[in-house]
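Structure, as structure tokens:
The values are calculated or read from the model by the stated rules, or taken from the named source; none is laboratory data. Here the structure is a predicted model, which is why all the values come from computation and not from measurement. Using ideal geometry, Cβ is built from the backbone for each residue, glycine included, and neighbour counts are taken over all protein chains shown. Each accessible area value is taken on the protein alone, full model and side chains, heavy atoms only, with ligands, DNA and RNA left out. Shrake-Rupley method; radii C 1.70, N 1.55, O 1.52, S 1.80 Å.
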Amino acid sequence: MKTRIGILGLGGVGGYFGGLLAKAYKDSETVEIVFIARGKTLEIISESGLKLITDEAETIVFPAVVSNDPEQIGKLDYLICATKTYDIESSLETLRKSITKNTVFLPLYNGVDAPERIRILYPDNEVLLGCVYIVAMIESPAVIKKVGPIEKLFFGSDSAPLSKLKALQSIFEKAAIESSLLENIEAKVWEKFIFISSLASATSYLNQNIGEIIASNSSRALFVNLLQEITMLAAVKGLDLPGDITMKTINQLEKMPHSATSSMHRDVIAGRNFELASLTEFVVNEGIKYEVDMPNYTKVLETLLPKMPSEEAL
């Protein structure tokens, strides 16, 4: 029997890594890649494939199956989840017919609250922890553009069978995905979250890209203050993070394309729903829970909340 891997969410993360998997296993007898898509994206991929654009090349890939119908999607062995965090519950509820008791979830969302939210929906399933480092975005429906050389995927679990983890790692390796199976995955996920949360909050609050933040003393100071607040929260929660996490994150920011920004910032600019709850509000609420002062995160949250589109507008 083939190992069937579903890709839920074909944005920068799901589209790029899902595209690499679809390319590698196009004619495979052992692995089948399923894209879960709808609307224009479904229509375009069905007719002409998913286009991946990098600094070096353009590639068009076709999955074994592309659909939003659970009957066509079929039963899944692994489900890689990469939608926006505000879509977690609604998107996963629609896939109940494709989820068996043996389906393993790999969440690759921006936030850190996703695994617990998935476990509430599917309490009997293994839910891994995972995160990625990549600068990629939707250029147009079914067209994913990746900028720069960074494309790392980390995952792990303290409860999933090692055989399942190693099987997935082997699948990634054969697709030329730079992935690492980690024991201390929670710390790595939080290390990524510290970066993405502070970046998303700063870029969206300031309405500036990475280069503009680096070039401005006041903007850079806000980013550093956000970093310090969320790092203190992580420390109080008892996470084993590098001692130089703040400087490491600043260096990481400086190495990124200066024209790039966060996906949350792009959504704010476009007037779309954005991940304020998982990337900013979650940090403020955790600060209250653990009695850690969050003045800068609170300021960002209070400024961005009124910019959230109304339910009627979505």
Consider all pairwise Cα distances in the chain and report the whole-number % of them above 26 Å.
-> 45 percent
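Hey, if we sort Ile138, Ile194 by accessible area with the 1.4 Å probe, largest down, what's the order?
Order by accessible area, largest first: Ile138, Ile194.
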Accessible solvent surface per residue of the chain, calculated while the other protein chains remain in place, 1.4 angstrom probe, Å² | 46 Å²
So for segment 185-299, taking the charge dipole from beta-carbon charges (+1 Lys/Arg, -1 Asp/Glu), which of Asn209, Leu233, Ile194 sits furthest toward the positive end?
-> Asn209
Percent accessible area from carbon and sulfur atoms, segment 1-139, protein chains only, probe 1.4 Å | 49 percent
What's log10 of I(q)/I(0) for segment 146-276 at q = 0.14, 0.21 Å⁻¹, Debye sum over Cα points only, no solvent?
-> -0.75, -1.24
Would you kindly derive the ³J(HN,Hα) couplings of segment 132-143 from the backbone phi angles with the Karplus curve 6.51 cos²θ - 1.76 cosθ + 1.60 (θ = phi - 60°), listing them in order in whole Hz, with x for Gly and Pro?
-> 10, 10, 6, 10, 8, 7, 7, 7, 7, x, 6, 10
Given the C-alpha centroids of segment 1-39 and segment 280-311, what is the distance between them in whole angstrom?
-> 35 Å
So for segment 68-182, what are the equivalent ellipsoid semi-axes in whole Å, largest first, each being the square root of 5 times an eigenvalue of the Cα gyration tensor?
-> 22, 19, 14
For segment 115-198, with only Lys/Arg (+1) and Asp/Glu (-1) charged at the beta-carbon, what is the dipole magnitude about the Cα centre, in debye rounded to 20?
-> 220 debye
Within the accessible area of segment 185-314, what % is carbon and sulfur when the probe is 1.4 Å and the other protein chains stay in place?
-> 50 percent
Based on the Cβ-Cβ distance from Asp87 to Glu183, what FRET efficiency comes out when R0 is 45 Å, to the nearest 0.05?
-> 0.90
Loop only per DSSP, at most 12 neighbouring Cβ atoms within 10 Å: give me the GluC sites (Glu not before Pro) in segment 132-184, ordered by residue number.
-> Glu183
Heavy-atom accessible area of Asp267 with all protein chains present, probe 1.4 Å, nearest 10 Å²?
-> 10 Å²
Please get the size of the charge dipole for segment 22-95, origin at its Cα centre, with Cβ charges of +1 on Lys and Arg and -1 on Asp and Glu, quoted in debye to the nearest 20.
-> 100 debye
Suppose every K and R has +1 on its Cβ and every D and E has -1 on its Cβ; what is the size of the dipole of segment 168-314 about the Cα centre, in Debye to the nearest 20?
-> 340 debye
For segment 34-112 the GluC sites (Glu not before Pro) that pass both the DSSP coil test and the at-most-10 other-Cβ-within-10 Å test are Glu56
